[in-house]
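The structure appears below as structure tokens.
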């Protein structure tokens, strides 16, 4: 019995490690209350919870904060993202990507450089845009229960947070995976269907084992793995729809953040439609699972493709 328990525990750990390694290899995130990047110092990413981020030096990727403050007078390679934060962009600041402030305040001094998009929405403004926006006026006329609408809005807002954070941390991987949807759509569908069938079987098996406490670690590992797959795959799908929408309107230059947020808007609006939203979600989930697994979270073109062996070059024949 002990051997079986250890075996299932190791299986769950292996699943989490297999999913975590591809992304971890691309990121180093500093998670602290207060972070200061001094002049002449370089950091990959900065992520704070309720603390203060002071960027005088250089951050190669993104600065993300939940609450607290962000003060940038140095250089940020990609995005500055604040949720309920006070964001201050000084005159000497150089932001090579986007500045996104949701539910907080944004102060930009004259002379600062922001090469991407600027998204600024205060808390009351977010609620007004969601509940009173022109996009949802026709949709809310359907006889849906208010509770269902509230739940959908809450889920949509959670996906908004995940979209902003995920795109800020993994823009290249998401963009690459999105391109594979267009390039290899049917293989992605096939992998997604197979993955969902296998995953459902594993969940049922682990649930049965949980009756005698053996399958609990496996079940927890599978749930965590499924969440990771769904988040990354959905962000790639958001990028796919956003990219298609923006190009249809004639835009040829846009950031990864802009494409993902536009795609979130498209998928969110469709999700509010009765019956159509439900039918749309079924093939969408297949694509989500297929693109995440097939591209190994945007790190390879096809993880199932065998690498061709590289034969050594024949020795050169010297001529007398």
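A few remarks follow.
- Residues satisfying the stated conditions in region 190-221, i.e. under 24 Å from the mean Cα position of the chain (by Cα) and not in a helix (DSSP H, G or I): none
- For the residues 47, 83, the requirement of being touching a residue at least 40 places away in the same chain (Cβ under 8 Å) and not assigned by TED's automatic domain parsing to the domain that holds residue 259 singles out 83.
- Considered as a group, the residues in region 76-131 that are part of a helix (DSSP H, G or I) and within 18 Å of residue 162 (Cβ to Cβ) include one that is modelled with the lowest pLDDT, and that residue is 130.
- Filtering 198, 189, 211 for residues that are farther than 30 Å from residue 101 by Cβ and at pLDDT 90 or above leaves a single hit, 198.
The values are calculated or read from the model by the stated rules, or taken from the named source; none is laboratory data. Computed from a prediction, not measured in an experiment: that's the story for all the values here. Note that each Cβ is placed from the backbone with ideal geometry, even for glycine, and that neighbours are counted across all protein chains shown.
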